[in-house]
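The values are calculated or read from the model by the stated rules, or taken from the named source; none is laboratory data. Just so it is clear, the model here is predicted, and its values are computed rather than measured. Note: ideal-geometry Cβ built from the backbone for every residue, glycine included; neighbour counts use all protein chains shown.
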């Protein structure tokens with residue numbers, strides 16, 4: 001009788017479970033009226049399996065998964081006697097193994113065949129292990145965007161024709177989170193955070209490219225419901241917003257490049273110093289052996305302090321008695337222009353493009369001048385560093401946001417020159433640059449009506 005009462009307490013009735021659930025909701029709200037509660041209660045057997053596996057401390061969870069994976073990975077047989085299990089898992093203590101087997105058997109992860117006295121791994125256990133293995137395989141540290149598992153779930157469901165709106169909503173939510181994270185990084189103005197976010201952005205774009213075909217298949221599926229179509233279209237819009245952030249990253253990095261502080265003519269900048277400091281785990285170790293002698297404090301009495309102060313005061317008065325005239329003139333010190341070399345390079349590049357645009361002679365001389373030239377003809381001849389710097393400024397041509405600002409880059413954006421990149425590469429007979437992306441710089445002239453004419 002006591003054991004029966006204990007069993008009744010351990011297995012509450014359905015009404016008791018309903019009352020315990022209702023205790024978490026407002027008095028005037030019924031738990032059964034919530035749609036998600038209905039879906040979760042319908043999946044109660046599966047959720048109880050996860051509860052059996054992951055309830056308790058991490059050590060117990062690890063041992064349960066270890067036992068279940070060892071038995072499920074053995075494909076030579078579909079049943080296991082207790083002697084076989086003891087041999088396979090001999091590295092576990094008998095008491096711990098017995099506790100795990102009872103827990104797995106009680107919650108439907110292992111089936112006990114009383115006639116043959118063997119254990120079998122249930123189909124539900126294999127489904128649970130497959131889901132866990134998929135999450136472990138796709139949640140690697142190199143997936144900084146954390147989209148691999150979500151996209152694999154959508155791809156797998158689409159392959160078997162069972163993609164749901166909830167799966168698409170999870171993927172959409174991750175895309176929205178990434179977009180907001182990148183916008184915050186751009187607004188922060190931190191170069192290190194920008195470059196870290198840009199690397200994550202490139203990885204997210206790789207996942208977006210892989211998921212585009214899946215979304216096209218979902219939107220073209222006539223059997224999909226309207227909610228699935230709407231979720232797929234929303235994901236497409238989120239992907240477009242994510243891909244359009246390349247220009248925002250470029251403008252932010254160019255702004256930081258213009259504001260970078262260089263230490264004289266050494267070539268070092270504050271960014272280089274910060275990167276060097278971040279490479280040291282213990283910054284305090286840099287101060288070792290930096291001071292030959294420690295600071296030795298000197299303590300004096302108030303009387304001695306007054307004597308020293310009086311002596312210094314009288315000495316200063318004596319020295320100032322003979323200085324009644326004006327001081328002798330001195331030549332102004334010679335100063336050296338310490339402006340960054342990159343600013344001069346930007347001015348030279350702007351003057352070069354201005355000559356091509358014929359700003360002072362529009363439109364008479366522009367009729368005789370070339371209206372289009374290849375980008376590599378304008379970038380070269382130059383060293384690799386200078387050519388790279390000039391190429392990074394080409395996307396600013398025609399940028400309305402940059403043109404509304406002040407400075408050399410704003411003058412560059414207001415030039416009537418259009419940048420037209422292409423996907424091909426052109427080989428160059430240059431000593432430092434072997435090849436370059438094919439692009440063109442074309443003039444945008446205006447006729448008498450004011451319309452642009454390239």
Selected residue (only one of 68, 47, 40, 62 is touching a residue at least 60 places away in the same chain (Cβ under 8 Å), in the same structural domain as residue 107 (by TED's automatic domain parsing) and either more than 35 Å from the chain's Cα centre (by Cα) or part of a helix (DSSP H, G or I) (or both)) | 68
Name every residue in the stretch 231-245 that is touching a residue at least 12 places away in the same chain (Cβ under 8 Å) and not in a loop (DSSP other than H, G, I, E, B), in order of residue number.
-> 231, 232, 233, 234, 235, 236, 238, 239, 241, 242, 243
Given (1) modelled with pLDDT of 85 or more; (2) surrounded by 16 or more Cβ atoms within 10 Å (Cβ to Cβ), number of the condition residue 128 does not satisfy = (1)
Which one of 402, 432 is farther than 16 Å from residue 253 by Cβ and either more than 30 Å from the chain's Cα centre (by Cα) or assigned to a helix (DSSP H, G or I) (or both)?
-> 432
Taking the stretch 214-226 and keeping residues part of a helix (DSSP H, G or I) and either touching a residue at least 12 places away in the same chain (Cβ under 8 Å) or loosely packed, with under 11 Cβ neighbours inside 10 Å (or both) leaves 214, 215, 217, 218, 219, 226
